[in-house]
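Taking it in order: structure first as structure tokens, then the write-up.
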Amino acid sequence: MKSRVSCVDEDDCDSCRLAYCWWRTAAEFDKCVKVKLGFPNVSILTPRLRLLRELERLALVAPDGLNELQHKLLEYRSGDFWVPTGGIAKEDMDIPPVNTILLVGFSGSGKSSLINLMYSILGRSGLIPFAQTSSGRSNYTTMYMEEHNVLRSTRSGFCIYDSRGFDYHSTREALEEMSSWMSEGIHHNQPCFRYNDRATTADDAAMENVTLRSSSNFLQREVNCVMVVANIAQIYKALKAGDLKPLEATRQLFSYPALRKSKENPLLILTHGDLLSTEERIDGRMKICEHLEISETNGVYDILCLNEYGFPVEESDPVSAYALTEAVYRALLISDRSHFPKMKFKDWAMLILLWLTRFIGFCFAFLADVCSNLGKKQKLRNEFDSRHYKLKP
């Protein structure tokens, strides 16, 4: 691929001789090397230099940091990252047994490929693909929610949900569907039907099979954190062609208020960057972050495009592996900050009283409307009788 070139830094040849140091051929990388030796004021750096420094950070900590984060995730139990706030004890918090991370994005963004990479990195699954991707099948799409235990452990404290990709030209439908997921929760094998599925699907048996796979026996899970997956190559090429629709649709999806947890934006995962040159890959990330009005270095991760086996297209990439592991770790930090205190008797009593007050108010409003209509009818009848009486000789 264009951006996968070998590193040429002699001082760091042991850690940089592989192709994952793609950003080191950028035009301003020499400036980044100069500033990384000191501790400059980050606020005076250009966004491009800040991005290069962030990529250097990932490369620096990836060799040793990956094993450390993997161990933390393997030992993680829901609520482990909860920090005491407001004087409430942990046992008084409503912490689910499993935190749920939801992947959303448009069709072809690489959500299922990311699932397979998580299995490879965190679950040590090797070449076994657990999530079916669209590689080699242009008409394939996930028709239902899929819950994945990427650690492949019965004691796992989190799960990842793969969802069906949205259409760039149907953002309103996408936002409505996401709103129901965030408010009502999601469960394994939950159908993700769209308005035109029946018209575009030739195999009715397949549609019936999807319906049968859905069951109310699956546990309904609350979404604790969201990762928005975006195809940076697709968006950037559309921008160069003058098409702003993919970028604007991504902004609407990312900025949707229902996706925010604990006052945090969802995490942004950029995929398929290996299909771009180095300068295009950096420029694309800068443009996307600028349009989304977010930092180009905080909560944004560039993950290498994967093949149908869930592995990078050329070779194992430790920077992408660490970036994806850090993204999951960060999602769990956000999840454990989003929990609320348990409802006590006093809270339930106040809630019931509130519902009762609203019901009584509705009844009075209904009676007032009925009486008002009856009064108007009686007034009209009296006016009619009065005029009829006056007309009599």
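The values are calculated or read from the model by the stated rules, or taken from the named source; none is laboratory data. Values in this document were obtained by computation on a predicted structure and should not be read as measured data. Here the Cβ positions follow ideal geometry from the backbone for every residue, glycine too, while neighbour counts run over all protein chains shown. Each accessible area value is taken on the protein alone, full model and side chains, heavy atoms only, with ligands, DNA and RNA left out. Shrake-Rupley method; radii C 1.70, N 1.55, O 1.52, S 1.80 Å.
Between Val5, Val61, the distinction of being among the β-branched types (Val, Ile, Thr), modelled with pLDDT of 90 or more and within 29 Å of Tyr119 (Cα to Cα) belongs to Val61 only.
Selection over the stretch 23-58 of residues that are open to solvent by less than 40 Å² (accessible area, probe 1.4 Å), modelled with pLDDT of 85 or more and under 29 Å from Ile334 (Cβ atoms) gives a count of 8. Given the structure, is Gln234 assigned to a helix (DSSP H, G or I) and either more than 23 Å from Leu175 (Cβ to Cβ) or more than 17 Å from the chain's Cα centre (by Cα) (or both)? Spelling it out, Gln234 is indeed assigned to a helix (DSSP H, G or I) and either more than 23 Å from Leu175 (Cβ to Cβ) or more than 17 Å from the chain's Cα centre (by Cα) (or both).
So, Met178, is that one in contact with a Pro (Cβ under 8 Å, 6 or more places away or on another chain), closer than 28 Å to Phe81 by Cβ, at pLDDT 90 or above and open to solvent by less than 60 Å² (accessible area, probe 1.4 Å) or not? So Met178 fails the test.
All conditions but one from (1) at pLDDT below 85; (2) in contact with a Phe, Trp or Tyr (Cβ under 6 Å, 6 or more places away or on another chain) apply to Ser316; the one that does not is (2). Just one of the numbered conditions (1) surrounded by fewer than 23 Cβ atoms within 10 Å (Cβ to Cβ); (2) of a type outside the set (S, T, N, Q); (3) modelled with pLDDT under 90 is not true of Gly110: (1).
Of the residues that sit in the stretch 244-281 and are modelled with pLDDT under 95 and of a type in the set (Val, Ile, Thr), which one is surrounded by the most Cβ atoms within 10 Å (Cβ to Cβ)? The qualifying residue surrounded by the most Cβ atoms within 10 Å (Cβ to Cβ) is Thr271.
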